[in-house]
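All remarks here apply to the structure that follows.
The values are calculated or read from the model by the stated rules, or taken from the named source; none is laboratory data. The structure presented is a predicted model; accordingly, all values stated were derived computationally and were not measured. Cβ placement follows ideal geometry from the backbone for every residue including glycine, while neighbour counts extend to all protein chains displayed. Heavy atoms of the whole protein, side chains included, go into the accessibility calculation; ligands, DNA and RNA do not. Shrake-Rupley method; radii C 1.70, N 1.55, O 1.52, S 1.80 Å.
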Amino acid sequence: MTYNRDNRPLFVLPSTQDHIQGVLNAAVVFVMYGDYECFQSANVYRLIKVAGQQLKVSFGENNLGFIFRHFPQKQIHPHAQRAAEAAVAAAAQGQFWQMHEILFIHQQELGNGYLVEYANRLGLDISQFLQDLSKGAYVNLINADIEGGLRSGVEAAPALFINGIRYLDRWTVEQIMAAIVAAND
């Protein structure tokens, strides 16, 4: 397992301001910087999800935490920023993780019409959702995620930190599970 101990650690520590699955004070906390239009981000998210489910049996529900932070790469993914805004608008209505899943599943369909369709599918208040998107209500939150990522040495998505240290090893379920076990020791 390779950690990047020479590079900067996670600059913005996990907090209640983050989108988190599990608990904030877990023994092992993943922080992923991702882009909804990035194929690798979707794959890494799926790997972490599978590894986490397998290890919940060993570690228990309260020993793993997963935080997703936005790192849309607008220069190569034209819909990533708007998808991130849609996820945060869904979060304002208590549906972040549901929207997050849909966006990664349908990452080739992230145009505005699709985002409204996904919001409707989740039963969101569509007028509020559209108002939030049209006003750019969550752009500053996404920019704060990007800035925190840049200050942590993130240059592209996906980027993964385990307990505040950048993870640079191979992206397989086995490698990620090994990193979880090592971080929990």
Portion, in percent, of the accessible area of the chain that falls on carbon or sulfur, probe 1.4 Å: 50
Give the residue from ALA179, LEU115, CYS38 lying farthest towards the positive end of the charge dipole for the range 37-180; charges sit on Cβ (+1 for Lys and Arg, -1 for Asp and Glu) and the dipole is referred to the Cα centre. ALA179
Compute the acute angle (0 to 90°) between the alpha-carbon long axis of helix 112-121 and the principal axis of greatest extent of the alpha-carbon atoms of the chain; round to the nearest 10°. 80
Roll a 1.4 Å probe over the protein chains and send me the accessible area per residue for the range 39-185 in Å². 47
Taking Cα atoms only, Rg over Rh for the chain with Rh from the Kirkwood formula is 0.96
Which residue, VAL44, VAL57, VAL154, tops the fluctuation ranking in a GNM of the chain built on C-alpha contacts under 10 Å? VAL57
Residue-wise, which Karplus ³J(HN,Hα) couplings in Hz belong to the range 77-89, taking 6.51 cos²θ - 1.76 cosθ + 1.60, θ = phi - 60°, and x for glycine or proline? 10, x, 9, 5, 5, 5, 5, 4, 4, 5, 5, 6, 5
Against the longest alpha carbon principal axis of the chain, how many degrees, from 0 to 90 and to the nearest 10, is the axis of helix 139-151 turned? 30
Check: the chain dipole with +1 on Lys, Arg Cβ and -1 on Asp, Glu Cβ, in debye: 200
Which three numbers, in whole Å and largest first, are the semi-axes of the equivalent ellipsoid of the range 99-183 derived from its Cα gyration tensor as √(5λ)? 32, 18, 11
Full-extension gain between ALA156 and LEU130, please, as 0.36 nm times their residue separation minus the C-alpha to C-alpha distance. 6.5 nm
Solvent-accessible surface ranking, highest first, for HIS106, HIS79, HIS70 at 1.4 angstrom: HIS79, HIS106, HIS70
For the chain, the longest principal axis of the Cα atoms and the Cα long axis of helix 126-135 enclose an angle in degrees, to the nearest 10, of 80
Tell me the label-point distance for the pair HIS106, ASN43, using the 7 Å Cα-to-Cβ offset, in nm and rounded to one decimal. 2.4
Calculated FRET efficiency for the pair SER58/LEU141, C-beta based, R₀ 35 Å, to 0.05: 0.55
